[in-house]
Amino acid sequence: MAGKTPKNTKKGVGQVARLGLFWAIIVFLGLAVYAALSPNSNLKNVALTDVVRRANAGEIAKIDIQGNDLKITPKGQKQPTEKSVKESGSTIYEQGLNKDAKVEINVLPPSQTGEVLWSLTVTIVPVVIIVIFFMFMMRQAQGQNNQAMGFGKSKARLYGEDKEKIVFEDIAGNDNAKQDLQEVVDFLKHPKKYKELGAKIPKGVLLVGNPGTGKTMLARAVAGEAGVPFFSISGSEFVEMFVGVGASRVRDLFSKAKKNAPCIIFIDEIDAVGRKRGSGMGGGHDEREQTLNQILVEMDGFDGDTNVIVLAATNRADVLDPALLRPGRFDRRVTITLPERKDREAILKVHFKKKPTDETVDLDKLAAKTAGSSGADLANIANEAAIIAARRNKKKITNEELTEAFERVAIGPERKAKVMNDHEKELTAYHEAGHAIVGHVLPDSDPVHKVTIIPRGGTGGVTWFLPPEDKSYTNVYEFKDILARAMGGRIAEQIIYGDDGITTGAGSDLRKATEIARDMIIEQGMGKGLRDQVFHEDNGGLMFDKMTRERPYSDETAKLIDQEVSQLITEAKQRAMLVLKANRPFLDKLAEALLKDETLEEAAVDEILSGTKLPKEAKLHA
Ligand code: ADP
């Protein structure tokens with residue numbers, strides 16, 4: 001989204017002037033050449049001997065002689081219609097015209113215009129070429145100069161009135177955030193009201209939320225609602241290779257903003273510069289500190305009358321330097337959560353508003369399926385659906401395109417071209433059937449939404465579980481069922497092909513399972529022996545910090561963590577084995593159905609798996 005800065009506008013005027021001059025010169029040259037060549041251009045060329053013969057025979061009324069050029073007016077004509085040229089230095093009589101021929105001879109002084117224009121052209125063209133060349137060179141040099149001089153200038157983009165305005169209404173959902181930000185709009189609109197009561201206008205508001213939840217949109221909407229300019233810059237744009245550039249960009253940005261007050265500065269990804277300071281190692285680190293310091297200095301420097309509010313976005317508020325969050329700086333925090341079902345529907349409606357859809361499209365159903373998706377993901381689904389429909393030459397988007405778009409965004413496009421031999425196909429079918437059966441049978445797992453053995457994204461096949469409704473929390477039982485169903489694929493391979501018949505097909509399942517198990521122990525305090533303790537390692541520092549700093553727990557605890565993770569995985573494997581062995585005939589049945597149909601929807605899976613049972617030993621609770 002390219003905005004305009006005032007500097008750009010000036011440059012624009014200069015460019016227009018230069019372009020105008022260029023064309024003026026071209027037109028002038030064109031006219032000059034035309035004028036030089038044109039006077040006789042519409043006359044018919046005839047041979048001199050012919051002219052002399054016809055003049056002697058009395059067929060010509062008048063001959064105008066100008067230098068060596070002859071213009072001939074035949075009898076019965078009023079204007080010359082023909083032209084000819086005589087030999088230089090000789091008269092027309094010497095060319096054979098009879099002295100007594102009945103023709104009017106009119107000798108005109110030699111014309112100057114053609115020659116003057118020609119000589120003008122000859123002298124001007126090289127000059128013009130040289131001038132254009134120099135102008136071009138100077139512009140190049142100036143450009144470089146500008147770049148060198150403008151290095152410390154901020155690259156903030158200004159969204160002025162010309163840019164499409166965004167208001168709160170354009171943003172679906174996010175009601176809490178909008179409510180919080182409404183206050184900021186009011187500050188910007190009526191600063192007096194607050195000042196009269198001695199209230200200090202907040203200087204910084206931190207927008208915290210996952211990527212794509214609409215933080216940028218909200219910040220723009222605040223500016224739109226308040227009708228003030230909006231400067232936008234990303235945290236990473238402050239940081240260049242050279243020390244001091246970031247700080248100077250901050251200074252420039254704030255001085256620009258102050259000139260345009262009241263206004264909003266939006267710093268996206270503030271964590272790029274605002275991470276906790278400390279180790280002071282490495283040039284990049286120093287640079288970040290300087291930049292951060294400068295932001296703090298600038299924000300402290302706002303006096304009561306500076307009506308500039310800084311909005312900053314991050315998805316990692318926990319890694320920010322505490323100095324940024326102190327009162328008087330980013331002391332207000334607006335949390336933007338992932339949209340809930342009704343908000344997702346509203347967002348989908350916004351993005352499908354201008355896209356023709358037919359009656360099969362059910363946005364509520366799609367909203368139900370997309371738990372955990374951000375606004376940007378939903379916008380992406382809407383766009384994909386339109387692209388797919390266009391590629392299929394449809395006039396309207398149908399449910400088919402919607403489903404395809406959703407699956408494509410969620411797990412990647414189908415890779416029908418991927419080659420799988422029959423054995424691999426069969427193995428994939430058993431693998432996916434393993435996931436599906438374990439997930440279907442275990443009581444705390446989400447239901448199976450779809451199973452397919454068509455390769456998608458980077459996987460050989462997919463078994464897809466979807467929660468029937470939005471959930472905010474996950475309990476231990478649910479985690480354990482997720483682990484068991486993740487192991488279901490590998491266990492199925494083991495049952496069918498033996499212990500050494502296993503393949504790399506389960507690679508990503510195992511990685512995911514290990515990640516979940518570690519998360520349960522380290523982050524969620526769900527370990528058996530390590531219950532209710534959190535072993536958080538990430539303090540937001542750079543890679544270097546992580547290597548030099550000690551872990552916040554002892555080596556013994558590290559061992560315990562490893563043991564607990566291993567226990568969780570082992571338990572998951574055992575439960576998957578129990579379920580699959582108890583339902584062995586269903587494994588064959590489902591794999592067969594998959595080999596036949598390749599993709600099975602929820603209802604078909606339910607039908608095939610009706611009659612499966614949960615073995616007592618795999619139960620975790622009554
Ligand atoms: P962030 O800054 O949080 O990463 P953006 O504000 O850039 O996210 O949002 C990215 C895109 O997602 C927007 O351009 C918009 O199309 C879409 N989007 C996100 N949230 C919403 C919403 N609540 N309503 C409508 N569109 C949204």
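The values are calculated or read from the model by the stated rules, or taken from the named source; none is laboratory data. Computed from a predicted structure; not experimentally measured. Backbone-built Cβ (ideal geometry, glycine too); neighbour counts: all protein chains shown.
From Arg511, Arg531, which residue is without any contact (Cβ under 8 Å) to a residue 24 or more places away in the chain and more than 30 Å from Gly461 (Cα to Cα)? Talk me through it step by step, then tell me what you get.
Details: Arg511 fails: more than 30 Å from Gly461 (Cα to Cα).
Exactly one residue qualifies, and that residue is Arg531.
Please indicate, with yes or no, whether at least one residue in region 194-206 is of a type in the set (A, V, I, L, M), buried (at least 21 other Cβ atoms within 10 Å of the Cβ) and within 16 Å of the ligand (Cβ to nearest atom). Before the answer, list the steps.
Let us first name the residues in region 194-206 that are of a type in the set (A, V, I, L, M), namely 197, 199, 201, 205-206.
Next cut, buried (at least 21 other Cβ atoms within 10 Å of the Cβ) only: 205-206.
Now restrict to residues that are within 16 Å of the ligand (Cβ to nearest atom): 205-206.
So far as region 194-206 goes, yes, one or more of its residues are of a type in the set (A, V, I, L, M), buried (at least 21 other Cβ atoms within 10 Å of the Cβ) and within 16 Å of the ligand (Cβ to nearest atom).
Which members of region 590-605 meet the condition of being closer than 19 Å to Lys425 by Cβ and without any contact (Cβ under 8 Å) to a residue 40 or more places away in the chain? Spell out the reasoning first.
Keep residues of region 590-605 that are closer than 19 Å to Lys425 by Cβ, which gives 590-600, 604-605.
The answer is Ala593, Lys596, Asp597, Ala604.
Please find, within region 330-348, the residue that is farthest from the ligand (Cβ to nearest atom) out of those that are surrounded by fewer than 19 Cβ atoms within 10 Å (Cβ to Cβ) and in a strand (DSSP E or B).
That would be Arg333.
What are the residues in region 349-360 that are crowded, with 19+ Cβ neighbours inside 10 Å and either more than 9 Å from the ligand (Cβ to nearest atom) or not in a helix (DSSP H, G or I) (or both), if any?
Taking region 349-360 as the starting set, the residues that turn out to be crowded, with 19+ Cβ neighbours inside 10 Å are 351-352, 357.
Phe352, Thr357 - these are the residues of region 349-360 that are crowded, with 19+ Cβ neighbours inside 10 Å and either more than 9 Å from the ligand (Cβ to nearest atom) or not in a helix (DSSP H, G or I) (or both).
From the list Ala506, Ala517, Ala513, Ala484, pick out the single residue that is assigned to a helix (DSSP H, G or I), more than 37 Å from the chain's Cα centre (by Cα), of a type in the set (A, V, I, L, M, F, W, C) and in the same structural domain as Lys581 (by TED's automatic domain parsing).
Working: Ala506 fails: more than 37 Å from the chain's Cα centre (by Cα); Ala517 fails: more than 37 Å from the chain's Cα centre (by Cα); Ala513 fails: more than 37 Å from the chain's Cα centre (by Cα).
That would be Ala484, the only listed residue that is assigned to a helix (DSSP H, G or I), more than 37 Å from the chain's Cα centre (by Cα), of a type in the set (A, V, I, L, M, F, W, C) and in the same structural domain as Lys581 (by TED's automatic domain parsing).
Report every pair of residues separated by at least 6 positions or lying on different chains whose Cβ atoms are under 7 Å apart, first residue within region 429-445 and touching a residue at least 12 places away in the same chain (Cβ under 8 Å) and not assigned by TED's automatic domain parsing to the domain that holds Ile482, second among the small types (Gly, Ala, Ser) and in a helix (DSSP H, G or I).
Correct list of pairs: empty, since none qualify.
Taking Lys425 as meeting all but one of (1) within 16 Å of the ligand (Cβ to nearest atom); (2) in contact (Cβ under 8 Å) with a residue 12 or more places away in the chain, write down the number of the exception.
(1)
Specify which of the listed residues (Asp300, Asp362, Asp343) is out of contact with any Lys or Arg (no Cβ under 7 Å at 6 or more places or on another chain) and farther than 26 Å from Leu378 by Cβ. Please lay out each step first, then the result.
Values: Asp362 fails: farther than 26 Å from Leu378 by Cβ; Asp343 fails: farther than 26 Å from Leu378 by Cβ.
Selected residue: Asp300, the only one of Asp300, Asp362, Asp343 that is out of contact with any Lys or Arg (no Cβ under 7 Å at 6 or more places or on another chain) and farther than 26 Å from Leu378 by Cβ.
Please pick out the residue among Asp175, Asp186, Asp252, Asp180 that is of a type in the set (Asp, Glu), within 16 Å of the ligand (Cβ to nearest atom) and surrounded by fewer than 17 Cβ atoms within 10 Å (Cβ to Cβ). Outline the logic, then answer.
Details: Asp186 fails: within 16 Å of the ligand (Cβ to nearest atom); Asp252 fails: within 16 Å of the ligand (Cβ to nearest atom); Asp180 fails: surrounded by fewer than 17 Cβ atoms within 10 Å (Cβ to Cβ).
Criteria check complete, one pass: Asp175.
How many residues does region 3-48 contain that are within 29 Å of Pro110 (Cβ to Cβ) and modelled with pLDDT under 60? Lay out the reasoning, then the answer.
Pass one, region 3-48, residues within 29 Å of Pro110 (Cβ to Cβ): 27-48.
Among the residues that remain, those that are also modelled with pLDDT under 60 are: 38-40.
Summing the residues that are within 29 Å of Pro110 (Cβ to Cβ) and modelled with pLDDT under 60 in region 3-48 gives 3.
Filter region 382-417 down to the residues that are of a type in the set (S, T, N, Q) and free of Cβ contacts under 8 Å to residues at least 24 places away in the same chain, then identify the one that is farthest from the ligand (Cβ to nearest atom). Explain how you work it out, then say what you get.
Initial filter on region 382-417 (of a type in the set (S, T, N, Q)): 383, 393, 398-399, 403.
Next, from what is left, pick out any that are free of Cβ contacts under 8 Å to residues at least 24 places away in the same chain: 393, 403.
Working: Asn393: 26, Thr403: 21 Å.
Among those residues, the one meeting the criterion is Asn393.
Please specify each residue of region 361-381 satisfying the condition of being buried (at least 16 other Cβ atoms within 10 Å of the Cβ), more than 9 Å from the ligand (Cβ to nearest atom) and closer than 20 Å to Pro211 by Cα.
Once the filter is applied, which keeps residues that are buried (at least 16 other Cβ atoms within 10 Å of the Cβ), more than 9 Å from the ligand (Cβ to nearest atom) and closer than 20 Å to Pro211 by Cα, region 361-381 yields Ala367, Lys369, Thr370, Ala371, Ser373, Ile381.
Thr403 - would you say it is outside the structural domain of Gly611 (by TED's automatic domain parsing), closer than 15 Å to Leu600 by Cα and at pLDDT below 95?
Numbers: outside the structural domain of Gly611 (by TED's automatic domain parsing): yes; closer than 15 Å to Leu600 by Cα: yes; at pLDDT below 95: yes.
Against the criterion (outside the structural domain of Gly611 (by TED's automatic domain parsing), closer than 15 Å to Leu600 by Cα and at pLDDT below 95), Thr403 qualifies.
As an exercise: evaluate Pro211 against (1) away from the ligand (no atom under 12 Å from the Cβ); (2) closer than 22 Å to Ile166 by Cβ and give the number of the one condition it does not meet.
In the conditions (1) away from the ligand (no atom under 12 Å from the Cβ); (2) closer than 22 Å to Ile166 by Cβ, Pro211 misses (1) alone.
From the set of residues in region 292-329 that are β-branched (Val, Ile, Thr) and within 16 Å of the ligand (Cβ to nearest atom), which is farthest from the chain's Cα centre (by Cα)?
Of region 292-329, the ones β-branched (Val, Ile, Thr) are 295, 297, 306, 308-310, 314, 319.
Applying the additional criterion that residues be within 16 Å of the ligand (Cβ to nearest atom) yields 310, 314.
On the way: Val310: 23, Thr314: 17 Å.
If we take residues in region 292-329 being β-branched (Val, Ile, Thr) and within 16 Å of the ligand (Cβ to nearest atom), then Val310 is farthest from the chain's Cα centre (by Cα).
Can you tell me which residues in region 579-622 are on the phi > 0 side of the Ramachandran plot and in contact with a helix residue (DSSP H, G or I) (Cβ under 8 Å, 6 or more places away or on another chain)?
From region 579-622, those on the phi > 0 side of the Ramachandran plot are 598, 611; that's our starting set.
The one that is on the phi > 0 side of the Ramachandran plot and in contact with a helix residue (DSSP H, G or I) (Cβ under 8 Å, 6 or more places away or on another chain): Gly611.
Given the condition in contact (Cβ under 8 Å) with a residue 40 or more places away in the chain, farther than 30 Å from Phe22 by Cα and surrounded by 16 or more Cβ atoms within 10 Å (Cβ to Cβ), answer yes or no: does some residue in region 111-122 qualify? I'd like the intermediate steps shown before the answer.
We begin by selecting, within region 111-122, every residue in contact (Cβ under 8 Å) with a residue 40 or more places away in the chain; these are 111, 113-114, 117-118, 120-121.
From the residues that got through so far, the ones that are farther than 30 Å from Phe22 by Cα too are 111.
Restricting the remaining residues to those that are surrounded by 16 or more Cβ atoms within 10 Å (Cβ to Cβ) gives none.
No, region 111-122 has no match at all.
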